[in-house]
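Where a number appears in this text, it was derived from the coordinates with a stated rule and is not lab data. From a predicted model like this one, the values you see are computed outputs, not experimental measurements. When we count neighbours, we look across all protein chains shown, and the Cβ atoms used for this are built from the backbone with ideal geometry, even at glycine.
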Amino acid sequence: MRTERGLTLDELAARSGVSRRVLSYAEGGLINPGILSFVAIVRALGIDSAELLQPMMDEMEKQAVQEQAPG
């Protein structure tokens, strides 16, 4: 979503107040930012929090369905 908006990590860091390192690690799936960082990122991107969470929720639902499927 950051790149879709034409933002660099440095620009998003400046807009959100979240460090470039945290943003990079979060994008790479190495960490999950805390709620305050999450809110700051969402606001800096100008999106609804559900828009950011939806891909993750879809993947979790897909995994749950696969785990429940008969062998």
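To the nearest 20 debye, what is the magnitude of the charge dipole of the stretch 27-71 about its Cα centre, counting +1 on the Cβ of each Lys and Arg and -1 on the Cβ of each Asp and Glu?
Numbers: 2 positive and 7 negative charges, 30 e Å.
Around 140 debye, computed over the stretch 27-71.
Per DSSP helix of 4 or more residues, -39500 (n - 2.57); summed, then divided by the residues of the chain. What does that give at 222 nm, rounded to the nearest 500? Don't skip to the answer; put the middle values down first.
On the way: 4 runs with 47 residues, N = 71.
The per-residue figure over the chain is -20500 deg cm²/dmol.
When only C-alpha pairs under 8 Å and at least 6 residues apart count, what is the relative contact order of the chain, in percent?
25 percent
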Open item on the list: With Kirkwood's inverse mean 1/r over C-alpha pairs for Rh, give me the Rg to Rh ratio of the stretch 3-68, two decimals please.
Closed with: 1.04
TODO: Have a look at L52, L30, L12 and tell me which one the Gaussian network model of the chain (Cα, springs below 10 Å) gives the largest fluctuation.
DONE: L30
